[in-house]
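Every read-out reported here was derived from the displayed coordinates using simple, explicitly stated rules and does not represent laboratory data. Please read all numbers here as calculations on a predicted model, not as lab measurements. Ideal geometry is used to build each Cβ from the backbone, glycine not excepted, and the neighbour counts take in all protein chains shown.
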Amino acid sequence: MKYTGRLWFVVGVVLIVACSPLKKIEVQKRSADNAYEISNFSTALVEYLSLIDLYKASSVEVPFDVYLKAGNSATQEGKMDQARLLYTHAIDLSKSKAPMEGLLKTYNEAGDLNELEAVVEKYSSRLKEVGLYDIAFSQVFDLARSQNDFLKALDVFEKIENPTKDIKGKYIVVLDKLGEEKKALEYSKKELGLDGEFIPALEWLGKYDYNRAEKWYKSEMTKYNKKKDYTQYVYLKRELKKISNIYRSARDKFEKLHALDPENTSYIKYLKNCYLRLELKDKAAAMDKLLQK
């Protein structure tokens, strides 16, 4: 009888432990993590949500990584609103950059420009703490630019403390789209001074020089064709010398661009036109051959 009683006692203890809230949590977490590790995100999401309910029902704080993995699973399933809520809980529990990256991703992938900007502004201090400040504002800038909201892109660019080369190049495009010629000129010259092979600056300045020379050239030829006398001819020759200097400036930039990207037909066409204006017919013919390949 003593042995039987002890056996039932042991069995009872085992059953109590097996049914305890912590044991249930342990089993549920293992199941959720297993689904997550094999990228079965639909199952993982259901499992993690059930796990979160278990934690709460047991008055146990939900661990940071559970909210994070649940958020990642929701993102993979395209459930962005749910993912945002889960990431927000994770952000409240940890200063890790992972949930911030996940939260930003949900707005980026959904193309929610205003909401992305709002959340970046809201968490700007935290973003600085985890080293994501410039990345986050660059994402807002890039999304605004891609949606042709150039005024917003212009405003957001000013908040980026150390823009990447990619963002700098896109900023030049934004200035050009807004007709901010003076700013684009100054910025391109500044960046070219820092990096002589910065393609966006070289390209903008090359086109700027070429278009300025072309407009001036056509204007002077129109004046001359209206009144072909000696005085007008002398004036034309004088102006053409000035215009040729600008064509040479454009040519120099497009020659450098062509060397950096030989297959770019746009650069070849600009070079051909510069050579023609500068009466370098052999070089213009060489560009023609390249265009015909």
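Table for the structure above
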| quantity | calculated |
| --- | --- |
| Rounded D (µm²/s) - the range 44-94, Kirkwood Rh over Cα pairs, Stokes-Einstein at 20 °C, 1.002 mPa s | 202 µm²/s |
| Spread of Cα-to-Cα distances over 5 Å intervals beginning at zero, given as percent, for the chain | 1, 5, 9, 9, 10, 8, 9, 7, 7, 6, 6, 5, 4, 3, 3, 2, 2, 1, 1, 1, 1, 0, 0, 0, 0, 0, 0 |
| Square roots of 5 times each gyration tensor eigenvalue, C-alpha, the range 159-202, largest first, Å | 15, 13, 9 |
| Violating pairs (Cα-Cα greater than 26 angstrom) within the set 168/256; 183/283; 256/281 | 183/283 |
| For the range 104-175 versus the range 216-293, the gap between their alpha-carbon centres in whole angstrom | 39 Å |
| Among 70-82, 262-274, the order from most to least packed when residues are scored by Cβ within 10 Å on average | 70-82, 262-274 |
| Where the Cα pairs of the range 87-138 fall when distances are cut into 5 Å bins, in % | 5, 22, 36, 27, 10, 1 |
| The chain - percent relative contact order, Cα under 8 Å, separation 6 or more | 8 percent |
| Value of [θ]222 nm, deg cm²/dmol, for the chain, DSSP H segments ≥ 4, -39500 (n - 2.57) each, nearest 500 | -27000 deg cm²/dmol |
| Per residue convex hull volume, Cα atoms of the range 128-187, in Å³ | 70 Å³ |
| Equivalent ellipsoid semi-axes - Cα gyration tensor, the range 23-110, angstrom | 20, 15, 10 |
| Principal axis box of the range 197-293, alpha-carbon based, largest edge first, Å | 45, 27, 15 |
